[in-house]
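Single-structure report; data block below.
None of the figures in this text is laboratory data; all of them are computed from the coordinates on show. Source: prediction; values computed, not measured. Don't worry about glycine lacking a Cβ; one is built from the backbone with ideal geometry, like all the others, and counts go over all protein chains shown.
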Amino acid sequence: MLDNLVLGFQTALTVENLLWCFLGVLLGTVIGLLPGLGSTTGVAVLLPLTFTLEPVTALIMLAGIYYGAQYGGTITSVLLSTPGEAASVVTTLDGYQMAKQGRAGAALAIAAIGSFIAAIISLALLMALAPPLATLALRFGPVENLAMMILGLVIVVSFQGGAFVRGALMAIVGLLLSTVGVATGSGEARFTFGSVDLLSGIPFVEVMIGLFALGEVFHQLRTGAEKPIRARFRDMMISRKEIAQSMPAIFRGSGIGFLLGMLPGAGSTLASFMSYGIERRVSRNRAGFGSGAIEGVASPESANNAAANANFVPTLALGIPGGATTAVLLGAFTIYGLQPGPLLFEQQPELVWGLLASFFIGNVLLLVLNLPLAPVFAQMLRLPYGYLYPLIILTSCVGAYSVSNNMFSVWVVLVFGVIGFVMKELNLPMAPLVLGLVLGPLFEKALVQTSAVGNGDLGIVFTHPIAVGILAFALALVTVPRLVGAVRGHVARSRADRRAGTREKSSIDT
Amino acid sequence: MTFSRDTARIAFSAVLAVVGAAAVVGGLGYGLTNDDGTVHTGFLPAVAGGAVLALALVDVAQSVRSARRAMPPGEPTSAGAGDAGSGAEDVDVLGRTASRRNRMLIVVLGIVLGAVLLVPLIGFLLSMGALMLAITLGVERMRVRSSILVVVIAIAVVWLVFGQLLGVPLPTGLLGLI
């Protein structure tokens with residue numbers, strides 16, 4: 001493997017490749033900064049730029065765009081509460097709170113550091129384990145995928161803490177919204193009311209922009225202007241203590257991200273939500289989650305990036321795209337006359353290992369570019385809110401329009417902006433709704449396939465050991481904390497009764 | 001937690017309960033299963049709708065209970081205890097009262113709606129430019145010169161990045177200018 005690695009770095013570390021990788025990271029970051037344009041759109045839009053390049057150089061540049069766009073989405077999630085893609089939604093929860101407290105620089109820096117560490121860990125795993133892991137991922141059929149989606153929904157609901165009913169309600173409302181459009185399996189139009197626009201469903205990118213960006217603008221207008229953030233440049237820098245505090249979250253996020261990223265579909269989104277949910281339970285600073293905990297940014301960002309790399313496991317080893325962006329990249333492979341799959345590692349070692357080495361280089365460039373720039377980006381918040389929020393409305397509308405070049409998208413943003421405002425006013429969680437909406441089509445696909453595998457019997461889920469294990473874990477997540485809480489409450493009550501009884505007895509004695 | 005917010009939450013959950021019930025009916029209409037017993041078009045909407053209905057009703061019950069607990073016995077249950085009602089003292093850092101902020105919100109919502117409706121007439125960029133000017137000058141009372149500067153730069157950047165670099169066909173409306 002070492003020989004292959006050396007070959008990879010020899011391929012990637014040419015001046016030309018480094019320059020294109022840098023350009024890719026830079027362009028990707030700029031694309032990711034625009035609301036509505038995530039890494040998938042970034043790679044798709046900039047794909048024609050690479051047509052004149054050598055295949056290795058082109059793929060290296062596209063990988064740079066991929067990472068850059070992901071980080072660009074993080075910047076808007078933190079600064080403006082506007083996630084570029086579903087996987088960045090969780091980052092808004094604590095990242096935006098940090099920004100409001102004048103710690104946007106620290107949030108952006110930990111996102112870059114966490115992403116970098118996650119990338120290195122996941123790349124090492126990817127290089128060492130890609131072929132065997134791809135075989136393992138193949139054991140995940142529709143039944144296991146269905147169980148995994150249920151686990152994802154349970155985790156995101158369970159991290160709502162006391163507001164379990166509302167979290168579950170919002171997640172299932174998201175699922176329900178995802179049923180609008182052409183039905184998976186039958187191809188029948190469902191809840192479209194004759195609208196052509198609704199045939200392709202309620203677009204989740206526009207829903208995210210509406211809920212998070214416009215919803216926040218309307219909410220801020222109602223709650224009133226806050227004191228402008230006047231943090232000094234020095235205060236915008238991340239401290240060593242904050243980095244050390246975030247390390248466990250980064251490592252846990254990287255592990256979770258890599259494992260889930262190998263699964264085709266919503267791997268990155270599930271990974272970011274799950275890692276946040278788990279971190280919220282196990283972190284020492286769990287009480288600070290939701291109000292600007294740095295671990296709440298470090299964990300999903302690491303998971304997100306590790307999942308992005310793990311997405312390449314099925315893409316490279318099997319030729320099955322791990323996510324939407326890797327699907328576009330798979331298209332790029334075929335444009336360059338390459339056939340991803342088990343033979344790619346043998347037939348094109350220079351290309352595969354060059355690409356893997358370029359992931360490393362892309363992440364180094366991303367860190368070098370964005371770590372010093374994090375406090376600079378954070379200065380954006382110094383702009384008076386009277387100018388900032390019309391700009392947010394403008395970029396939200398144009399970003400939404402550009403997703404499908406259709407005014408329908410802008411209307412969706414407006415409608416969900418109002419819904420987001422109402423949800424914020426009523427303190428209803430928005431993240432479960434987005435996850436439900438994103439997972440909905442995949443969930444239904446897995447449901448239809450599972451039902452077909454079982455000849456109509458959904459109980460087939462209980463005959464698959466992996467699925468049973470996943471569902472048992474989901475059940476434990478819901479029941480164990482309640483049982484523990486009930487037992488603790490019972491013990492505390494009986495102790496209090498015993499103490500009261502002893503006091504009463506001693507007062508009678510005296 | 002105020003009484004008015006609880007009422008709003010109850011109303012919101014009640015609306016969701018109705019949506020859930022409608023989804024169940026719709027799902028049943030599409031059909032739950034095929035002849036061979038496999039999942040059909042209406043299965044997921046019906047199941048999800050049923051779950052929404054049940055959870056929304058639980059949420060309504062919880063909200064009613066919390067509203068009752070928040071209300072000391074014998075106190076009138078009329079509106080006025082809400083957020084807006086306490087607006088006389090609720091002033092933000094710019095000196096805006098709650099009622100003024102509520103008016104601003106309605107005006108901004110109206111401006112956004114108006115701008116989107118204007119797109120087919122004057123085009124996307126001009127509508128958005130008008131939206132930004134209306135907000136910065138009309139609502140926020142920012143300086144005229146700096147507002148115009150911000151708007152011109154923002155629209156130019158959008159035109160350059162989206163219209164020219166990314167090739168997004170931004171609607172030019174009936175005017176057909178930009």
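List of remarks:
- Think of each Lys and Arg Cβ as +1 and each Asp and Glu Cβ as -1; about the Cα centre, that makes the dipole of chain B roughly 680 debye.
- Local net charge near residue A:57, Cβ-Cβ under 13 Å (Lys/Arg +1, Asp/Glu -1): -3
- Note on the protein assembly as shown: dipole from Cβ charges, positive end direction compared against A:408, A:395, A:378; the farthest Cα belongs to A:378.
- Lysine pair count for the protein assembly as shown (Cα-Cα distance under 22 Å; residues 8 or more apart in sequence or on different chains): 4.
- Residue-count net charge about residue B:66 - beta-carbon cut-off 14 Å; Lys, Arg +1, Asp, Glu -1: +4
- Inter-chain Cβ neighbour average for residues A:166-174, partner chain, 10 Å: 6
- Packing rank of B:103-112, A:24-33, where each peptide gets the mean count of other beta carbons within 10 Å, highest leading: A:24-33, B:103-112
- Per-residue Cβ neighbour counts within 10 Å put A:387, A:336, A:96, A:71 in the sequence A:336, A:387, A:96, A:71, beginning with the fewest.
- Peptides A:213-224, A:289-300 ordered by average Cβ neighbours within 10 Å, highest first: A:289-300, A:213-224
- Signed unit charges on C-beta, dipole axis of chain A, positive-most listed residue A:52, A:462, A:328: A:462
- Relative exposure of B:59, A:3, judged by other C-beta atoms within 10 Å (fewest first): A:3, B:59
- Sorted by Cβ neighbour density within 10 Å, fewest at the top, the residues A:359, A:140: A:140, A:359
- The residue among A:132, A:113, A:267 whose Cα reaches farthest toward the positive pole of the charge dipole of chain A, with charges on the beta-carbon of Lys, Arg, Asp and Glu, is A:113.
- Taking Lys and Arg as +1 and Asp and Glu as -1, the other residues whose beta-carbon sits under 12 Å from that of residue B:42 total -1.
- Considering only the Cα atoms of the protein assembly as shown, their convex hull presents on average a projected area of 36.6 nm².
- About its Cα centre, the protein assembly as shown has a charge dipole of approximately 2560 debye under the convention of +1 per Lys or Arg Cβ and -1 per Asp or Glu Cβ, with nothing else charged.
- Peptide A:392-401 has a mean shielding of 6, counted as Cβ atoms of other protein chains within 10 Å of each residue's Cβ.
- Whether chain B is rounded, prolate or oblate, judged on the alpha carbon gyration tensor where a/c under 1.5 counts as rounded: oblate
- Cα shape, the stretch B:98-165, gyration tensor, a/c 1.5 rule: oblate
- Residues whose placed amide H lies under 5 Å from that of residue A:190, excluding near-sequence neighbours: A:181, A:182, A:183
- Shape category assigned to the stretch A:39-174 from the gyration tensor of Cα positions, a/c cut at 1.5: oblate
- Structural descriptor for chain A: relative contact order 27 percent, calculated from alpha carbon pairs under 8 angstrom and at least 6 residues apart.
- On Cα atoms only, tilt of A:2-12 relative to the major axis of chain A in degrees: 70
- The stretch A:403-510 - charge dipole about Cα centre, Lys and Arg +1 at Cβ, Asp and Glu -1, debye rounded to 20: 620
- Karplus-based coupling profile of the stretch A:463-469, in residue order and whole Hz: 9, 9, x, 5, 5, 4, x, with θ = phi - 60° in 6.51 cos²θ - 1.76 cosθ + 1.60 and x standing for Gly or Pro.
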